[in-house]
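Trainee: Before anything else, here's the structure in question.
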Amino acid sequence: MPLVTSTEMFKKAYEGGYAIGAFNVNNMEIVQGITEAAMEVNAPLILQVSAGARKYAKHVYLMKLIEAAIEDTGLPICVHLDHGEDFEICKSCIDGGFTSVMIDGSKHSFEDNIRMTRQVVEYAHDHGVVVEGELGRLAGIEDAVNVSAEDSSYTRPEEVEEFVSRTGVDSLAIAIGTSHGAFKFKPGQKPQLRFDILEEVERRLPGFPIVLHGSSSVIPEYVDIINANGGRLKDAIGIPEEMLREAARMAVCKINIDSDLRLAMTAGVRQQLAAHPEQFDPRQFLTPGRDFIRDLVKKKIINVLGCDGKA
Ligand code: G3H
Ligand code: 13P
Ligand code: ZN
């Protein structure tokens, strides 16, 4: 099974009322934890790589790890650039073997977003690669994505048809109240998503795959383990799983998850080191980190994404 694009995955996901998990990868243990889980439940996968991940691990290492995972599991895997900020990084990932890229022009004006997205689509499609664009801005802080709550804005449904037809993108990320990172709502605030916007986008773009970023649930079990073992994560709150399941039944075909992976791995490592302070062999504390990721991803696939058995 070679690397694949997301085209077939999204078509089946849209028709089947489920979503594909797009998991961020940064090292071998993360790649292995995710792909072993997907293999156990026979799920299609998108592994995504941010600019920060390329800086940390280098493009070639991540690419080879993903190729190894395909050989090891036999799964269809799409390798995707997460939040490409300009044409150059998209081109570099396309030239370097990725099958999908995101050009994130959401912080630019509507016209500039269209122009830069169109340029990436032309190059990508010439090379058999698919493109995700974004309209609307998510709040939250990551390495390369830093938008304050005041600067975030919901997607305007009246813009989506023009954006898609003028750019030629293959999927569209929209902002309906999710955000990046582990602190998505204020303490006491009721988590809410604008399903009315998603419905209106779906009505205007029938059959077109929609993407949700910032979709970690910040699972309390992992936060509690981290805090019980020397961590200090106060007021971490994510998107309730039933809301994501509902979105997956609608037009959302790709759900992005990074923070939950980080929390799972950190919980595994902290628990191990707290129980065994004498250990200093990285294999001893990275093994539970990888195991926690495998358990997390399996639960996500079955309970949230609904793509088990669909590989
Ligand atoms: O949306 C951003 C992803 O969580 C990647 O985060 O830029 O810190 O690698 P990063
Ligand atoms: P989370 O921070 O909610 O995991 O979102 C990740 C993401 O959107 C990657 O693009
Ligand atoms: Zn994102």
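The values are calculated or read from the model by the stated rules, or taken from the named source; none is laboratory data. From a predicted model like this one, the values you see are computed outputs, not experimental measurements. Ideal geometry is used to build each Cβ from the backbone, glycine not excepted, and the neighbour counts take in all protein chains shown. These accessible areas exclude ligands, DNA and RNA; they are computed on the full protein's heavy atoms, side chains included. Shrake-Rupley method; radii C 1.70, N 1.55, O 1.52, S 1.80 Å.
Trainee: For segment 226-311, run through the trypsin sites (Lys or Arg not before Pro) and keep only the ones in DSSP coil with at most 12 other Cβ atoms within 10 Å of their Cβ.
Mentor: Those satisfying the criteria are Arg232, Lys234.
Trainee: Rounded, prolate or oblate: which one fits segment 46-192, using the alpha carbon gyration tensor with axes a ≥ b ≥ c (rounded when a/c is under 1.5, else prolate when a/b beats b/c, else oblate)? Mind dumping the intermediate values first?
Mentor: On the way: a/c = 1.97, a/b = 1.27, b/c = 1.56.
Note, shape of segment 46-192 comes out oblate.
Trainee: Also, quick follow-up: In debye to the nearest 20, how big a dipole does segment 202-286 give about its Cα centre with +1 on each Lys and Arg Cβ and -1 on each Asp and Glu Cβ?
Mentor: For segment 202-286, the charge dipole is close to 320 debye.
Trainee: Out of the total accessible area of segment 258-311 (probe 1.4 Å, heavy atoms of protein only), what percent is carbon and sulfur?
Mentor: With neighbouring chains kept in place, the figure for segment 258-311 is 52 percent.
Trainee: Go through Lys234/Lys299; Lys55/Lys298; Lys186/Lys300; Lys190/Lys299 and tell me which ones have a Cα-Cα distance over 26 Å in this structure.
Mentor: Distance filter (> 26 Å) returns Lys55/Lys298.
Trainee: Shifting gears a bit: Measure off, as a whole percent, the carbon and sulfur share of the 1.4 Å-probe accessible area of segment 67-203, all protein chains present. The partial results should precede the final answer.
Mentor: Values: 2830 of 6150 Å².
Percent of accessible area from carbon and sulfur atoms in segment 67-203: 46.
Trainee: Separate question: Taking 8 Å as the Cα distance limit and 6 or more residues as the minimum spacing, I'd like the relative contact order of the chain as a percentage.
Mentor: 23 percent.
Trainee: Considering only DSSP beta bridges with both partners in the chain, what is the antiparallel share in %, to the nearest 5? Let's see the in-between values first.
Mentor: Values: 3 of 34 bridges.
Of all bridge pairs located within the chain, approximately 10 percent are antiparallel.
Trainee: Now for a different question. Taking only Cα atoms, what is the 0 to 90° angle, nearest 10, from helix 59-73's long axis to the longest principal axis of the chain?
Mentor: Relative to the chain, helix 59-73 is tipped by roughly 80 degrees.
Trainee: Might you tell me the accessible area per residue for the chain, computed with a 1.4 Å probe and given in Å²?
Mentor: Ligands and nucleic acids excluded, the figure is 44 Å² per residue.
Trainee: For the chain, give the magnitude of the charge dipole about the Cα centre (Cβ charges: +1 Lys/Arg, -1 Asp/Glu; no others), in debye to the nearest 20. Please list the in-between numbers first.
Mentor: Numbers: 33 positive and 46 negative charges, 103 e Å.
My answer is approximately 500 debye.
Trainee: Under a Cβ-only charge scheme (Lys and Arg +1, Asp and Glu -1), can you give me the dipole magnitude of segment 262-301 about the Cα centre, in debye to the nearest 20?
Mentor: Result for segment 262-301 is approximately 340 debye, rounded to the nearest 20.
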